[in-house]
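Trainee: Mind looking over this structure? Questions follow.
Any read-out appearing in this document is the output of simple, stated calculations on the displayed coordinates, not a laboratory observation. The model shown is predicted, which means the values in this text are computed figures rather than measured ones. Don't worry about glycine lacking a Cβ; one is built from the backbone with ideal geometry, like all the others, and counts go over all protein chains shown.
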Amino acid sequence: MVMFLAAGAAWAAPPAGPPVPAVPSNSPTALGYSAQGADTCLMCHRTNARVMAIFRSPHAQPNNPRSPFGPGGLQCEACHGPGEAHVKAFGMKPAGIVVFGPHSPTPVAKQNSMCLACHKNVARVWLTGAHAANNVSCADCHQIHAGTDPVMMQATEASVCAKCHQAVVAQFRMPYHHPVLEGTMTCSSCHDPHGSFGPDMLIKSTVNATCTSCHAAMRGPFLWEHQPVTDDCLDCHTPHGSAVASLLKEPTPILCQQCHDLAGHPSVPYGPQGLPAGMPNPYLLIGGCVNCHSRIHGSNSPSGQYLMR
Ligand code: HEC
Ligand code: HEC
Ligand code: HEC
Ligand code: HEC
Ligand code: HEC
Ligand code: HEC
Ligand code: HEC
Ligand code: HEC
Ligand code: HEC
Ligand code: HEC
């Protein structure tokens with residue numbers, strides 16, 4: 001830690017050589033930053049264990065020039081903004097320091113701009129998302145003063161989302177669901193929580209491209225397509241959880257009969273000649289259209305036009 005503190009003095013040293021103003025107009029001190037960086041802040045804040053935990057976080061990289069604590073970094077003030085006025089006021093308000101978290105007096109857009117200044121990848125998509133549009137802050141999800149940030153870990157990410165999306169998280173407790181609460185995948189396997197150019201902040205530009213990034217077998221193209229499959233997986237499936245097996249929106253045959261006429265085949269059982277037979281077909285009785293139409297996502301068989309092989 002001594003290393004981080006020592007680095008604080010580096011940018012404060014006046015540049016060598018004649019005749020330059022003692023404090024260049026663009027120097028950190030002239031812009032309101034404290035002269036000793038973290039050393040100054042820690043005079044008062046070092047007894048707060050939560051504050052000190054930042055030195056165990058991925059931000060505390062003394063040799064990374066992009067890190068707040070790297071060579072020439074503004075240290076605490078890279079995120080909290082110029083702190084000299086706050087220091088001179090002995091921490092009293094109004095202190096002009098950027099405060100993070102739900103009870104902060106600092107506007108959310110201002111808080112986020114401190115982070116976005118360094119995180120260009122996030123900045124590229126952030127304004128496209130529902131979170132930016134709804135005043136959600138980086139600190140609503142991320143814990144920065146912590147050795148590990150729960151939202152960054154597969155096992156605990158969903159619990160952070162649950163703070164605001166309880167109803168969605170509950171869908172993953174339905175009988176059939178994607179294995180998020182089991183820890184096999186996370187919300188961010190499908191969503192980019194920062195925003196995206198797809199619908200619903202999905203990681204790909206369409207629903208189908210998102211689904212087939214894992215379920216490649218349903219991607220096609222098939223010799224015999226089933227039109228709703230190429231249109232939208234969500235014509236038949238729900239993404240989070242369902243009471244029906246295979247995450248279906250409705251059980252068959254209801255699912256199929258939303259689009260396929262109930263009056264012609266298939267509600268009428270077929271006999272050996274392809275004509276209606278006397279006895280109801282047992283496959284049909286159990287409602288299993290996919291017992292016969294088993295290639296429901298499409299077929300590559302030359303005679304697969306009815307999606308049966
Ligand atoms: C002279 C003592 C002192 C110094 C030096 C000091 N602070 Fe503070 N700071 C305080 C006091 C007192 C408070 C209000 C009580 C509290 O929240 O701990 C405060 C509050 C804060 C808060 C708001 C905490 C919250 O959630 O409300 C932040 C952020 C902060 N200081 C950051 C800094 C930074 C960054 C520096 C260095 C540039 C710094 N402080 C230097 C005394 C100081
Ligand atoms: C990478 C950005 C970043 C840096 C660097 C940073 N902070 Fe923070 N700070 C935050 C965020 C975000 C919070 C809100 C709580 C959290 O996310 O852990 C916070 C919270 C605080 C608080 C309130 C803590 C509490 O008890 O609630 C204080 C005080 C504070 N920071 C002081 C400092 C000091 C002193 C330093 C330098 C040693 C520093 N911060 C460096 C982002 C940063
Ligand atoms: C001075 C530039 C700078 C600022 C300001 C900054 N960061 Fe970072 N951040 C970094 C660097 C550098 C890393 C390490 C990246 C790496 O190792 O590839 C990092 C890493 C991260 C990570 C990834 C941590 C991990 O576990 O891999 C998160 C999340 C993050 N920052 C969020 C934030 C948030 C939120 C804020 C604002 C409160 C913020 N950052 C402010 C430079 C910055
Ligand atoms: C809704 C919760 C949420 C919010 C709000 C959020 N993040 Fe994240 N962030 C995550 C999750 C989850 C991950 C890990 C999965 C991933 O990489 O997409 C992550 C990863 C990161 C990473 C490391 C990976 C990368 O994409 O570079 C950085 C840096 C980061 N966030 C910065 C930010 C910044 C800056 C903000 C505010 C502008 C922010 N985050 C707001 C949830 C959030
Ligand atoms: C298998 C991919 C997948 C996973 C995993 C996933 N989602 Fe979704 N999510 C989607 C799709 C696709 C939609 C669009 C649904 C629609 O348009 O009907 C969506 C919609 C949403 C919506 C907006 C609509 C609504 O239902 O309120 C929220 C919020 C949401 N997801 C949150 C989450 C959270 C939180 C998690 C993790 C606990 C998560 N999602 C996990 C694919 C996924
Ligand atoms: C601090 C509260 C908060 C947290 C934490 C949070 N969200 Fe959100 N999220 C919102 C709000 C507010 C909206 C917009 C209103 C809505 O759709 O419910 C939203 C919307 C969404 C949407 C819908 C996007 C759209 O275009 O309709 C998705 C998907 C989503 N969040 C995913 C996540 C994921 C994944 C996490 C955890 C990594 C998360 N959220 C954590 C507040 C939050
Ligand atoms: C990150 C990879 C991933 C993405 C993206 C994804 N899934 Fe899945 N999907 C899985 C995993 C893992 C399982 C569980 C497989 C198991 O339990 O054997 C699963 C299971 C399913 C099942 C149920 C399988 C069964 O036998 O019950 C359906 C249906 C499904 N996914 C549809 C979708 C749809 C629709 C989308 C897009 C909204 C999607 N998946 C996106 C990984 C993914
Ligand atoms: C026309 C309705 C329909 C559409 C559209 C649809 N599916 Fe399905 N899907 C089903 C049915 C019905 C089953 C159950 C099959 C069974 O029980 O044999 C199923 C099962 C699945 C399964 C699990 C069983 C398996 O075969 O591995 C996955 C994964 C799946 N679908 C993914 C997708 C993806 C990805 C899309 C979009 C590209 C999609 N589905 C579009 C009807 C559909
Ligand atoms: C969202 C509407 C929709 C749903 C739901 C749907 N289908 Fe289809 N299906 C279509 C369309 C559109 C076609 C193409 C019709 C055409 O080309 O005349 C098609 C074609 C077919 C074909 C091939 C018929 C032909 O003449 O080429 C079969 C077999 C079929 N569907 C069976 C099913 C079964 C079984 C289910 C339920 C698991 C189902 N469909 C659910 C819309 C749907
Ligand atoms: C016992 C096997 C069997 C079952 C069960 C079955 N079908 Fe069929 N289906 C067929 C056969 C065989 C054909 C080809 C019919 C032909 O030759 O005219 C066909 C053709 C179709 C066609 C295309 C021809 C048309 O009439 O439009 C659709 C659509 C279709 N079935 C939907 C369904 C739906 C929906 C269900 C469930 C309610 C279902 N099928 C159940 C055997 C079955």
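Trainee: Quick one: if you stick a label point 7 Å off each Cα along the C-beta vector at Gln154 and Asn300, how many nm between them?
Mentor: With each label point 7 Å from Cα toward Cβ, the separation is 2.9 nm.
Trainee: Let me ask something else. Could you line up Met201, Met153 from fewest to most neighbouring Cβ atoms inside 10 Å? Don't jump to the answer; show the numbers that get you there.
Mentor: Numbers: Met201 20, Met153 13.
By the 10 Å Cβ count, ascending, the order reads Met153, Met201.
Trainee: Residue by residue, what Karplus-based ³J(HN,Hα) values in Hz, rounded to whole numbers, does the range 220-236 have, using 6.51, -1.76 and 1.60 with θ = phi - 60° and x for Gly and Pro?
Mentor: Residue by residue, the range 220-236 yields x, x, 10, 4, 10, 7, 10, 3, x, 5, 6, 6, 6, 3, 6, 4, 10 Hz.
Trainee: Check which residues have an amide H placed less than 5 Å from Val99's amide H, if you skip close sequence neighbours.
Mentor: Counting only residues 5 or more places away or on other chains, the set is Thr106.
Trainee: If packing is taken as the average number of other Cβ atoms within 10 Å across a peptide's residues, how do 30-39, 98-107 rank, most packed first? Mind dumping the intermediate values first?
Mentor: Numbers: 30-39: 19.3, 98-107: 13.2.
Ranked by mean Cβ neighbours within 10 Å, highest first: 30-39, 98-107.
Trainee: Mind ordering 164-170, 252-258 by average Cβ neighbours within 10 Å, highest first?
Mentor: Working: 164-170: 13.1, 252-258: 16.7.
Result, highest mean first: 252-258, 164-170.
Trainee: If we count other beta carbons within 10 Å of each Cβ, what is the order of Lys110, Lys120, fewest first?
Mentor: Details: Lys110 13, Lys120 8.
Final ranking by Cβ density, sparse to dense: Lys120, Lys110.
Trainee: 7 Å from Cα along Cα→Cβ at both His45 and Ala146: what's the point-to-point distance in nm?
Mentor: 1.8 nm
Trainee: With r as the distance between the Cβ atoms of Cys214 and Lys110 and R0 = 45 Å, compute the FRET efficiency 1/(1 + (r/R0)^6) and round to 0.05. Walk me through the intermediate numbers first.
Mentor: Values: r = 38 Å, r/R0 = 0.85.
Here the calculated transfer efficiency is 0.75.
Trainee: In whole Å, what is the distance between the alpha-carbon centres of the range 211-235 and the range 108-158?
Mentor: When both Cα centres are located, 33 Å separates them.
Trainee: Quick one: if the Förster radius is 25 Å, what FRET efficiency do Gln227 and Ser205 give, using the C-beta to C-beta distance and rounding to 0.05? Provide the component values of the computation, followed by the final result.
Mentor: Numbers: r = 20 Å, r/R0 = 0.81.
The computed FRET efficiency comes out at 0.80.
Trainee: Right, here's the next one. 7 Å from Cα along Cα→Cβ at both His119 and Asn63: what's the point-to-point distance in nm?
Mentor: Result for the modelled spin labels: 2.5 nm.
Trainee: Using the count of nearby Cβ atoms within 10 Å as a rough guide to exposure, how do Asp149, Asp261 rank from fewest to most?
Mentor: Numbers: Asp149 17, Asp261 9.
So the residues, fewest neighbours to most, are Asp261, Asp149.
Trainee: Still on this structure: Pull up the cross-link candidates among the lysines for Lys163, meaning alpha carbon to alpha carbon under 27 Å and not fewer than 8 places away within one chain.
Mentor: Qualifying lysines at Cα under 27 Å: Lys110, Lys120, Lys204, Lys249.
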